[in-house]
Ligand SMILES: NC(=O)c1ccc[n+]([C@@H]2O[C@H](COP(=O)([O-])OP(=O)(O)OC[C@H]3O[C@@H](n4cnc5c(N)ncnc54)[C@H](OP(=O)(O)O)[C@@H]3O)[C@@H](O)[C@H]2O)c1
């Protein structure tokens, strides 16, 4: 496993991370606690030391499961969580924050769902402090290695948010600062205050952050980049066929990306990588993860992992360094593939 320093923090984290959204169950058709804990343990046993979770993943469930799995190994792990998506703070949200979407326990929903509640982007200092205390409890720890603002709240001055994050770092409750789902100008503003990590969607078929220069911004400021959904929600493993039936509440059930026509395009693209994968002894999923971490020298791939087999398979990709011309060839082939 390759390890890289998070920003300038002195924290070393594995290039392949355990993305803990799916084990929260929310938007992923439910979760099974034992399989999730086994998956986390298998990840740790295979060299993964970085876990990315969030309070919103299952409304506390993902953090609770991570908290159970890290008992006895906390000091060897790098725990990243988030703040700024609130769902149970109607009194704060009223007139403040930015409405994000309606959700129920299973996933996003519409206003007419009787079980719907509102999820807000909300980054006021007092809310961040309260959120961190709740996360520490669920994670059964007394510090968070990386705290990331989950979504950006344009109703709160960034300086106020940053003041809270810096105070938490001074108190030792968090060790480094990250942001997520931020526009380039927002990332630039965070950089001025000392950003360690930016977390954005990035995969072979989602390369917006290369086009809008966020990756360049990270490089100029020695900021780590966390690629979320590096397998495009599993699409790029090549294991999802048109016959796959997703569980109720699994976000993939309604995404056009998982419609038959697109799945066939993905399969045709992956077929073009067959020789490269075979020469390197990799599955398609491993090749895609290796491509991701080969794209920037401070890149980490946050792979969603649901069971021990996926943990072991994905971790292996964290040992692979692909030649630069291979990384470029894969990118060009994807550009020509017409995958949405
Ligand atoms: N900051 C944000 O707003 C944000 C947003 C999204 C994600 N994230 C982070 O990024 C992480 C990963 O994102 P993601 O879960 O969307 O996507 P992903 O890594 O692109 O895909 C994960 C899914 O692919 C399948 N998979 C993974 N490894 C596999 C393997 N070896 N073989 C076969 N299937 C495999 C699993 O689903 P099945 O087994 O069910 O097919 C898994 O749940 C999240 O957990 C979270 O930490 C952050």
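Read the figures in this text as sums done on the coordinates, not as results from a lab. Predicted model, so just to flag it, every value in this text is computed and none were measured. No Cβ is skipped: glycine too gets one built from the backbone with ideal geometry, and neighbour counts run over all protein chains shown.
Helix 158-170: angle to the longest alpha-carbon principal axis of the chain, degrees 0 to 90, nearest 10?
90 degrees
Once the Cα atoms of helix 125-139 and of the chain are each reduced to a long axis, what angle between those two axes, in degrees from 0 to 90 to the nearest 10, is obtained?
60 degrees
I want to verify the translational diffusion coefficient of the stretch 3-335 in µm²/s; compute it with Stokes-Einstein, Rh as the Kirkwood radius over Cα pairs, at 37 °C and 0.692 mPa s. Walk me through the intermediate numbers first.
Working: Rh = 20.1 Å.
Taking Rh from Cα pairs, D becomes 163 µm²/s.
For the chain, what is the mean residue ellipticity at 222 nm derived from helices alone (per DSSP H run of n ≥ 4: -39500 (n - 2.57); sum divided by total residues; nearest 500 deg cm²/dmol)?
The per-residue figure over the chain is -11000 deg cm²/dmol.
Quick check on the exposure proxy: order 191, 303, 218 from fewest to most C-beta atoms within 10 angstrom.
Ascending number of Cβ neighbours within 10 Å: 191, 218, 303.
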